[in-house]
Every structure is written in structure tokens, then in C-alpha cells.
Amino acid sequence: MRVNRIFWPVSVFLFCLLLGVWSNDAIAAEEIKAPLLTGLTWVKMSQDQKAAYIWGAGDIIDLEQEIMEIYPELKRESFVTKAVEGIGDVQINDIVSNVDTFFKEHPDKANLSVIRILWDTMIKPNIKTGIAGKPLQ
């Protein structure tokens with residue numbers, strides 16, 4: 001009787017553990033990609049959500065810039081340096097407004113990423129060379 005009391009919970013625990021390991025392997029086997037934010041989602045977001053997205057992207061860019069200042073060997077002409085060069089002084093609300101305007105005027109391009117729109121409409125027009133010093137196209 002005592003053996004059954006211990007055997008039952010241990011069996012359930014082991015089954016759950018094996019199930020967890022199996023499902024974890026199945027998930028790991030799939031390629032998990034974080035999708036880029038596109039206009040399809042952007043147009044449904046609140047102004048606060050849009051500002052938070054741009055603010056977060058700006059924080060990542062600022063962090064990368066600081067790291068490049070601490071470790072000069074990491075300096076390169078990357079998207080980060082081009083973003084700073086192209087829109088470093090632009091206010092968050094102005095960036096949000098620009099993206100809003102683009103998707104209102106081009107609803108057929110709602111499948112494009114917000115980052116792509118920023119590059120094409122705000123960064124690229126204000127830089128001299130492209131990423132890695134490549135010519136702009």
C-alpha cells in the first residue's frame with residue numbers, strides 16, 4: 001500500500017518531466033523568428049504604443065553607440081551609426097507622425113516593416129553613405 005502511494009506521484013512526475021523534455025526538443029527543433037513590426041500592426045497601435053516602440057529602438061541605438069565609445073574596436077558604419085546620423089536629433093513624436101503619415105498615404109505597403117520605413121523616409125535621405133560605407137541606392 002505504501003509503495004503505491006509513492007509510486008503514483010513519482011510516475012506522474014516522471015511522465016510530466018519526459019513530456020516537458022520532449023516538447024522542449026520539438027520547439028527547439030523549429031526555427032523561432034521574432035517578426036519585425038509591420039504597418040499591419042502599426043496602424044492598430046495606440047500613440048503611446050507607437051512612441052514606446054520608437055523609444056525602445058532609440059534606447060538600443062543609444063546603448064550600441066555607448067558600447068562603441070567604450071570599445072573603439074567595435075566602431076563601424078552600421079545601421080546604428082547611420083540611424084544616429086540620419087535622425088539623431090528628431091523627436092519621438094515626429095518619428096511616429098512620419099510613420100503614421102507613410103502608412104496612411106501608402107496602405108498598399110502595410111506589409112513593410114516600420115524600420116524599413118524609417119530607413120527609406122528619414123534616415124537614408126539624411127546620410128552621405130550607406131551601411132559599411134557602401135553607396136546609397
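Every read-out reported here was derived from the displayed coordinates using simple, explicitly stated rules and does not represent laboratory data. Note that the structure is predicted; figures quoted are calculated from it, not measured. Backbone-built Cβ (ideal geometry, glycine too); neighbour counts: all protein chains shown.
Within the set 44/82; 82/109; 82/134, which residue pairs have Cα atoms separated by over 20 Å? Flagged as over cut-off: 44/82; 82/109. Model label points for residue 121 and residue 49, set 7 angstrom from Cα along the Cα-to-Cβ axis, are 1.8 nm apart.
Projected label points at residue 79 and residue 105, each 7 Å from Cα along the beta carbon direction, are separated by 2.3 nanometres. Every pair of different Cα atoms in region 39-133 enters the Kirkwood calculation, which places the hydrodynamic radius at 14.1 Å.
Less than 5 angstrom separates the built amide H of residue 78 from those of 132, all sequence-distant by 5 or more or on a different chain.
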